[in-house]
Amino acid sequence: MAKFFIHRPVFAIVISLIILIAGGIAITTLPVAQYPQISPPTVEVEINYPGANAETVEQSIATNVEAEVNGAENMIYMSSKSSSDGRYVLTCTFKVGANLDMANVDINNRVNKATAKLPQEAINYGISVKKKSPDILLAISIYSPNSTYDETFLSNYTSINLVDPIARIPGVGSTMIVGQRDYAMRFWLRPDKLAKLGLTGNDLASVVKEQNLVAPAGQVGQPPARAGTQFQYTVNVKGRLTDPSEFEDMIVRTQSDGSILRMKDVSRTELSGKSYTSFGRKDGIPATVLIVYQLPGANAIETVGNIRKLLTEAERSLPPGLNFRISLDTTEFVKVAIHEVVLALRDAIVLVLIVVFIFLGNFRATFIPMLAGARFPCGHLRFLRGTWFFREYPHDAGGGTCGRNRG
């Protein structure tokens, strides 16, 4: 086979060019990441049971959910964590290469079967089932350099303006906010007054549920109506309450002396964050940290490039006193590694040329292996018994030209 290509240099060069072009086209479509995909994909289930301790969460939530999830297709193992703040997190780990979308659907269906056995408070809070890759791509810090905005504002600005656009970028698997502070109406109860009036926290929660709701008020003039009714109106009523003073005026009950007991008499109401279980810092300044996870098999460098482009566009509309920085970019190592590969290929080509030139002693003959055995005016390269030989043609008596025609 080697002799075949040596005696047909043009054909060999064409084949080499085809391979080179095909490789150049293929390299642009390959996923680029720091490591090959060896980390197994995961699906995360999160359930919150407000006010419960770790033991209560384990008995009322963990036992029921894990009994249904156990035995999911392609699942290697599962691990769970029940914390003292009422939070339950179940991580289901699947085989490498498993279809993460189908795994997410399977886990979601199994969790739905266990919903009927869970406490109503946990169901009302919401059950989250989402696919998650363990590979962190970026960590973005959103902060206020002059402390113009508090952590609650930073968290909500990130949730509204950055999370959804970033999640829509191809290659992004999921996002997570560290230091999330969703706006919520918090009631700070006064235990001494509750005990004196014979009330509990559940009584006040029922009051809020009954008086803070959206209810249809119906229509006026809807058929069948009295004769002569010409118009039909939809009644618009006030929906959910939004101001702390409105919650403070909620009626808890009517006292025996005819006086009205309101929410402000037994609690203090304020608009603040829903959860304080985590926090973020940027150079000691309060910040919201947005962590972006990579989708398995995605092009990491291209994904990060699209995220940076989105952040550049979003920076133009930032309110005064707000800024963000990329605190962690795992593709920096990938870019350096690719650059080093290019340098290694360059050095290898140069060293090969130097070694061939040292042994052959001729510049033209040095490029013969690079051109797959092309012939030269004063000789040709032969491959015999596993060894390369350069044979020189005899010269004319006058010297200067070869004795054979160029082949």
- Mind listing the long-range amide H neighbours of LEU328? Cut-off is under 5 Å, sequence gap 5 or more, other chains count too, H placed in the peptide plane at 1.01 Å from N. ALA139
- Task: Take peptides 262-271, 225-234 and line them up by average Cβ neighbours within 10 Å, highest first, as a rough protection proxy.
- Result: 262-271, 225-234
- Item | the chain, relative contact order in percent, only Cα pairs under 8 angstrom and at least six apart counted | 22 percent
- Message: Place a point 7 Å from Cα of VAL178 in the direction of its Cβ. Which residues in segment 145-162 have their backbone N less than 16 Å from it?
- Response: 155
- Note on the structure: Taking max minus min of the Cα coordinates of the chain on each principal axis, largest first, gives extents in Å of 136, 62, 50
- Heavy-atom accessible area with a 1.4 angstrom probe orders THR93, THR312, THR175, most exposed first, as THR312, THR175, THR93
- Message: If I ignore ligands, DNA and RNA and count only protein heavy atoms, how much of ARG110 is accessible to a 1.4 Å probe, in Å² to the nearest 10?
- Response: 50 Å²
- Within straight cross-link reach of LYS95, meaning Cα distance under 13 Å, which aspartates and glutamates are found once same-chain residues fewer than 8 apart are removed? GLU73
- Using Cα-only point scatterers and the Debye equation, what is log10 of I(q)/I(0) for segment 1-143 at each q in 0.08, 0.17 Å⁻¹, rounded to two decimals? -0.40, -0.97
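Per residue, how much accessible area does the chain have with a 1.4 Å probe, in Å²?
On the way: 25130 Å² over 407 residues.
Counting only protein heavy atoms, the per-residue value for the chain is 62 Å².
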- In terms of Cα to Cα distance under 23 Å, which lysines are near enough to LYS238, apart from those fewer than 8 places away along the same chain? LYS209, LYS264
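Compute the Cα gyration tensor for segment 170-256, then decide on rounded, prolate or oblate, letting a ≥ b ≥ c be the square roots of its eigenvalues: rounded whenever a/c is under 1.5, prolate when a/b is larger than b/c in the other cases, and oblate in all that remain.
On the way: a/c = 3.71, a/b = 1.27, b/c = 2.91.
Judged from the Cα gyration tensor, segment 170-256 comes out oblate (a/c at least 1.5, b/c at or above a/b).
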- Query: Can you flag which of LYS81/LYS335; LYS81/LYS282; LYS117/LYS196 are past 32 Å Cα-Cα?
  - Reply: LYS81/LYS335; LYS117/LYS196
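How many percent of the accessible area of segment 88-240 is carbon or sulfur, using a 1.4 Å probe? Intermediate values should be presented prior to the final figure.
On the way: 4710 of 9040 Å².
Answer for segment 88-240 is 52 percent, counting heavy atoms of protein chains only.
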- Query: Spin-label point model (7 Å from Cα, Cβ direction): what's the PHE231 to ILE251 distance in nm?
  - Reply: 3.1 nm
- Task: Can you pull the one-decimal nm distance between simple spin-label points at SER39 and ARG8, each 7 Å off the Cα toward Cβ?
- Result: 5.0 nm
- Going by alpha carbons, how many degrees (0 to 90, nearest 10) lie between the helix axis of 100-114 and the longest principal axis of the chain? 20 degrees
- Share of Cα-Cα pairs in segment 166-213 beyond 12 Å, in percent? 76 percent
- Apportionment of accessible area to carbon and sulfur, segment 283-371, percent (1.4 Å): 68 percent
- Note on the structure: With all protein chains present and a 1.4 Å probe, the order of SER147, SER83 from largest accessible area down is SER147, SER83
- Item | Label-to-label distance, nm, for residues given as ASP192 and LYS309 (7 Å Cα→Cβ offset) | 6.3 nm
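The values are calculated or read from the model by the stated rules, or taken from the named source; none is laboratory data. Values in this document were obtained by computation on a predicted structure and should not be read as measured data. Neighbour counts run over all protein chains shown; Cβ positions are idealised from the backbone, glycine included. Surface areas here come from the heavy atoms of the whole protein model, side chains and all, with no ligands, DNA or RNA. Shrake-Rupley method; radii C 1.70, N 1.55, O 1.52, S 1.80 Å.
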